[in-house]
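Taking it in order: structure first as structure tokens, then the write-up.
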Amino acid sequence: MEPLYAKKHSGWLNHFAGMHYGSRYLQTRWSKFLQPENFEYVPKLSKLLLGAVDEACTNKRALDLGCCVGGVTFNLAEKFDEVIGLDINKGFIELCDALKENGKAKIYSCEEGELEREMMAEIPDSIDRSRCSFILGDVHALPSDIGTFGCVVMSNVIDRLENPMKVLKSLPSLLDENGICVIGSPNNFLEDFTPKENWLGGYVNQDGQVVEATNSIKEILSDQMELIQTVEIPFVLQYRSRAFELVISEIQVWKKSPKAIK
Ligand SMILES: C[S@@+](CC[C@H](N)C(=O)[O-])C[C@H]1O[C@@H](n2cnc3c(N)ncnc32)[C@H](O)[C@@H]1O
């Protein structure tokens, strides 16, 4: 195992770099206690996305909104000629750019107190990294010339947004006919990120009805798209050497088909 160093990197960068690229380290080290499948969110979501692509869609561009450190973005290059990853965090986009440039980059896990351990993130040689590009940006205000796509993914992002409904409503117009849109979310709405009046769920409304995000997402998207699959994929974030968070993301796979448009 690599030696320990004094901590230099952001906690969130370390947690997500571990989730996207550190599974072989974390799986091996903690297999006695944590099921290996909890470390396979990125490959599992990527496989689901690539499998859901409808060959009837001729648009070979993909968009990963809130791409974080880019694990899913790079995997989409297996089937898409052009893949854009967009995120609001500069440190995450810098890691994506370094991985695009060199195919590998050092990442770090938070260990004990101020100590961290070095790991290596690597993009497989089979992936054509030149197909990927990364934009520092806000999903609430996408570049006006971003164009349309055959696949749009927004994984574990909607409950981190100021106005999730506005962003969800903008998704169908980003897709070409037969394009797919995949929304993953643990629906963990918190006032730290989303003002309560913008929550998609997690409360009882003025009419006494329970409002859940799963249903709100369906109501918003079903106007122009068809729900084709719902699955659950777990992931583990490592916060410290011996402290983890288990999250179960609900993944809705939508297709923009002419018959869905009301
Ligand atoms: C919980 S992480 C999930 C990342 C990744 N998609 C995944 O599933 O592993 C949420 C991501 O959304 C990004 N994000 C939050 N608000 C955003 C915004 N307004 N515009 C773009 N990205 C945003 C964060 O920087 C972070 O990378």
(request) Quick one: angle between helix 41-52 and the longest Cα principal axis of the chain, in degrees between 0 and 90, rounded to 10, please. (result) 30
(request) Would you give the gap between the C-alpha center of region 1-51 and the C-alpha center of region 216-231, rounded to a whole Å? (result) 30
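Taking the Cα centre as origin and putting +1 on Lys and Arg beta-carbons and -1 on Asp and Glu beta-carbons, what dipole magnitude results for the chain, to the nearest 20 debye?
Numbers: 28 positive and 38 negative charges, 76 e Å.
Charge dipole, the chain, about its Cα centre: 360 debye, nearest 20.
Quick check: from the Cα gyration tensor, does region 1-132 come out rounded (a/c under 1.5), prolate or oblate?
Numbers: a/c = 2.35, a/b = 1.64, b/c = 1.43.
Prolate, since a/c reaches 1.5 and a/b exceeds b/c.
What number, in percent, do you get for the relative contact order of the chain if the mean sequence gap of Cα pairs under 8 Å and at least 6 apart is divided by its residue count? Let's see the in-between values first.
Values: 537 pairs, mean separation 54.1, N = 262.
Relative CO of the chain lands at 21 percent.
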(request) Any chance you could give the angle, 0 to 90 degrees and rounded to 10, that helix 11-21 forms with the longest Cα principal axis of the chain? (result) 80
(message) Give me the extension gain from V247 to E94: residue separation times 0.36 nm, minus the current Cα-Cα distance, reported in nm with one decimal.
(response) 52.5 nm
(message) Tell me which of S257, H140, M120 sits at the most positive position along the dipole axis of the chain, charges placed on C-beta atoms (Lys, Arg +1; Asp, Glu -1).
(response) M120
(request) Return the long-range amide H neighbours of N59 (sequence gap of 5 or more, or a different chain), with a cut-off of under 5 Å between placed amide H atoms. (result) none
(request) Given the peptides 106-112, 189-195, 140-146, 59-65, arrange them by the average over their residues of other C-beta atoms within 10 Å, most packed first. (result) 59-65, 106-112, 189-195, 140-146
(request) Sort the following peptides by mean Cβ neighbour count (other Cβ atoms within 10 Å, averaged over residues), highest first: 205-218, 80-93. (result) 80-93, 205-218
(message) Output wanted: per-residue J couplings in Hz (rounded whole) for region 120-133, from phi through Karplus 6.51 cos²θ - 1.76 cosθ + 1.60, θ = phi - 60°, x for Gly and Pro.
(response) 10, 8, 9, 9, x, 4, 5, 8, 7, 5, 5, 6, 9, 9
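Please give the calculated 222 nm ellipticity per residue for the chain, where each DSSP H segment of at least 4 residues contributes -39500 (n - 2.57) and the sum is spread over every residue; nearest 500 deg cm²/dmol? Show your work: numbers first, answer last.
Working: 7 runs with 66 residues, N = 262.
Result for the chain, helices only: -7000 deg cm²/dmol.
Which of the peptides 15-25, 126-136 is most tightly packed, and how do the rest follow, judged by the mean count of other Cβ atoms within 10 Å per residue? Don't skip to the end; give the middle numbers.
Working: 15-25: 22.3, 126-136: 16.3.
So the peptides 15-25, 126-136, ranked by packing, come out 15-25, 126-136.
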(request) Counting only C-alpha contacts under 8 Å and six or more residues apart, can you give the relative contact order of region 42-84 as a whole percent? (result) 46
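Where a number appears in this text, it was derived from the coordinates with a stated rule and is not lab data. Since the structure is predicted, the reported quantities are computational estimates derived from the model, not experimental observations. Ideal geometry is used to build each Cβ from the backbone, glycine not excepted, and the neighbour counts take in all protein chains shown.
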